[in-house]
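Asks: Here you go, one structure.
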Amino acid sequence: QVQLVESGGGLVQPGGSLRLSCAASGSIFSIGSMGWYRQAPGKERELVATITSRGSTNYADSVKGRFTISRDNAKNTVYLQMNSLKPEDTAVYYCNANSVHSYWGQGTQVTVSS
């Protein structure tokens, strides 16, 4: 079992920045890729960014150049640095970790509004 706890969400003005963190605990040795997904009201959950255990990254087109995913394997933590935030980035952001199974955090709300 893997437990994921996200933090760092909140309210920010358009153009602002936020940094999300996701700390993993439990059977962390089994974790391969990790990532961030988001779900806006009335929409399906969508991929934001992923990172492999070796650091290879993948981003949704909508966040390329604005968001950066990183991973600290020593701290079992994955981060999402979000810059130049837009109102359309408003969503609940979920951390994901993959091993034999796929695990999800509880989600953290990000609201971009003036």
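Asks: Kindly check whether there is at least one residue in region 44-62 that is among the polar types (S, T, N, Q), open to solvent by 30 Å² or more (accessible area, probe 1.4 Å) and in contact with a helix residue (DSSP H, G or I) (Cβ under 9 Å, 6 or more places away or on another chain).
Replies: Yes - at least one qualifying residue is present in region 44-62.
Asks: So, one more: Restricting attention to region 1-26, which residues are in contact with a strand residue (DSSP E or B) (Cβ under 7 Å, 6 or more places away or on another chain), polar (S, T, N, Q) and either surrounded by 15 or more Cβ atoms within 10 Å (Cβ to Cβ) or closer than 19 Å to A91 by Cα (or both)?
Replies: Hits for region 1-26 are S7, S17, S21.
Asks: Just a yes or no: is a residue in region 94-105 at positive phi and either touching a Pro at 6+ places or on another chain (Cβ under 7 Å) or surrounded by 15 or more Cβ atoms within 10 Å (Cβ to Cβ) (or both)?
Replies: No, that holds for no residue.
Asks: Can I ask one more? Given the conditions (1) out of contact with any Phe, Trp or Tyr (no Cβ under 9 Å at 6 or more places or on another chain); (2) modelled with pLDDT of 95 or more; (3) polar (S, T, N, Q), which single one is not true for S33?
Replies: Among (1) out of contact with any Phe, Trp or Tyr (no Cβ under 9 Å at 6 or more places or on another chain); (2) modelled with pLDDT of 95 or more; (3) polar (S, T, N, Q), the lone unmet condition for S33 is (2).
Asks: Within region 27-42, take every residue that is assigned to a helix (DSSP H, G or I) and open to solvent by less than 60 Å² (accessible area, probe 1.4 Å) and give me the one that is farthest from Q81 (Cα to Cα).
Replies: The qualifying residue farthest from Q81 (Cα to Cα) is S30.
Asks: Out of (1) under 12 Å from the mean Cα position of the chain (by Cα); (2) touching a residue at least 60 places away in the same chain (Cβ under 8 Å); (3) under 16 Å from G16 (Cβ atoms), the odd one out for Y79 is which?
Replies: Condition (3) is where Y79 drops out.
The values are calculated or read from the model by the stated rules, or taken from the named source; none is laboratory data. All figures in this text were calculated on a predicted structure; none of them were measured in a lab. Cβ: placed from backbone, ideal geometry, glycine included. Neighbour counts: every protein chain shown. Protein only, heavy atoms only, side chains kept; ligands, DNA and RNA dropped before computing areas. Shrake-Rupley method; radii C 1.70, N 1.55, O 1.52, S 1.80 Å.
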